[in-house]
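K.L.:
Right, I'll just put the structure down here and ask away after.
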Amino acid sequence: MMGYPFRGTKGHRDEGTKPVVSAMKLLLTKTVPQLGIVGDVVNVTSGYARNYLIPRHLATEPTDANMRRLAEARKQAELELARERARLEEIVKSLEGVEVTVHARANEEGVLYGSVGRKEIAAALADEGHGIAPEHIALATPIRRLDTVPVEVRFSGDLKALIKVWVVREKTEGEEETEAGQPAPAGTEAGAHDDDREQ
């Protein structure tokens, strides 16, 4: 059965100090992210059911009649899930071996004045033709120094790719002007490599 992992399950008692959280079995009438697709029968806490799912008409009683009524919608949802998974598999394949470069200002010790996070990495990927949303960049903490860091792009537990992120020093305007104004190496003066003119 293709669906999202259950968000809620039956409660439990911790050595008699906490009450058992009551659970309910419901039939989803619409797809709920991180819970299930339309037509899934799920176990959720009674509070989540009564305060969220039922008032918003996202779930109902799992009767045979209701399950038959939602059978076609469930079939379409499963097809959509299969198409989406195929699309993500292609993206994962396209990210294999990808390396991106992020330019950042840093001091002489290589410590960044700011940091490089998910947005900067997503932007670098976009520059290379990979449109990845920042939330799929699995970066535990921002990068705070010049470094080469392996970073995981994760769509789900088994759909993920490892990329390499190069954080390099961003040159200041002064440094760029200095490089631009440096004299050409010996032997590269204007006309130095021109063919000898005929006498």
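K.L.:
Work out how much length Lys93 to Ser46 would gain on full extension: take 0.36 nm times their residue separation and subtract the Cα-Cα distance, in nm to one decimal.
P.N.:
Details: separation 47, 0.36 × 47 = 16.92 nm, distance 4.13 nm.
Length gained between Lys93 and Ser46: 12.8 nm.
K.L.:
Here's a follow-up. Strictly over 20 Å apart at the Cα level, which of Lys119/Lys164; Lys30/Lys160; Lys30/Lys75; Lys93/Lys160; Lys119/Lys160 would you flag in this model?
P.N.:
Violating the 20 Å Cα-Cα cut-off are Lys30/Lys160.
K.L.:
So what are the ³J(HN,Hα) numbers for segment 96-101, from phi and the Karplus equation (6.51, -1.76, 1.60; θ = phi - 60°), rounded to whole Hz, Gly and Pro as x?
P.N.:
After applying 6.51 cos²θ - 1.76 cosθ + 1.60, I find 4, x, 6, 10, 10, 10 Hz.
K.L.:
While we're on this one: Could you estimate the translational diffusion coefficient of segment 95-172 from the Stokes-Einstein equation, with Rh from the Kirkwood formula over C-alpha pairs, at 25 °C and 0.890 mPa s, in whole µm²/s?
P.N.:
Working: Rh = 12.7 Å.
Value of D from the Cα-based Kirkwood radius: 193 µm²/s.
K.L.:
Can you tell me how much longer the chain between Gln76 and Glu128 gets when fully stretched, taken as 0.36 nm per residue apart minus their C-alpha distance, in nm with one decimal?
P.N.:
15.3 nm
A short reminder: the numbers here are calculations on the coordinates, not readings from a lab. Note that this is a predicted model, so its numbers are computed, not measured.
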